[in-house]
Amino acid sequence: MTAEQAAARQAVLDNSRSELLRELQASHRIIRNMLGLLSVSQKAVLAQRNARDDVDGEGITRAHEREAVIRRAGGLA
């Protein structure tokens with residue numbers, strides 16, 4: 001692989017990482033907005049479904065886990 005090819009490959013990887021981080025940050029905001037609209041009983045149903053699907057974590061939306069990943073990726077939660 002030439003230096004030019006390596007640089008191009010690295011640029012693609014960097015762009016992909018940036019795009020993934022932006023999408024994760026947008027998802028984080030969307031989930032927080034959604035939670036603000038749900039009633040207590042709707043949040044309970046959400047928690048049950050997340051547990052059923054084995055995607056539960058600390059809290060019903062894995063916000064802490066998501067924030068940690070965003071921070072590690074260089075973003076601000």
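The values are calculated or read from the model by the stated rules, or taken from the named source; none is laboratory data. Computed from a predicted structure; not experimentally measured. All Cβ positions, glycine included, derive from the backbone under ideal geometry; neighbour counts span all protein chains shown.
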If we keep only residues of segment 58-73 that are small (Gly, Ala, Ser) and either within 13 Å of the chain's Cα centre (by Cα) or at pLDDT 95 or above (or both), then the residue surrounded by the most Cβ atoms within 10 Å (Cβ to Cβ) is 63
Among the listed residues 25, 48, identify the single one that is assigned to a helix (DSSP H, G or I), over 13 Å from the mean Cα position of the chain (by Cα), surrounded by 11 or more Cβ atoms within 10 Å (Cβ to Cβ) and not hydroxyl-bearing (Ser, Thr, Tyr). 48
So residue 33, is it under 19 Å from the mean Cα position of the chain (by Cα), exposed (fewer than 10 other Cβ atoms within 10 Å of the Cβ) and polar (S, T, N, Q): yes
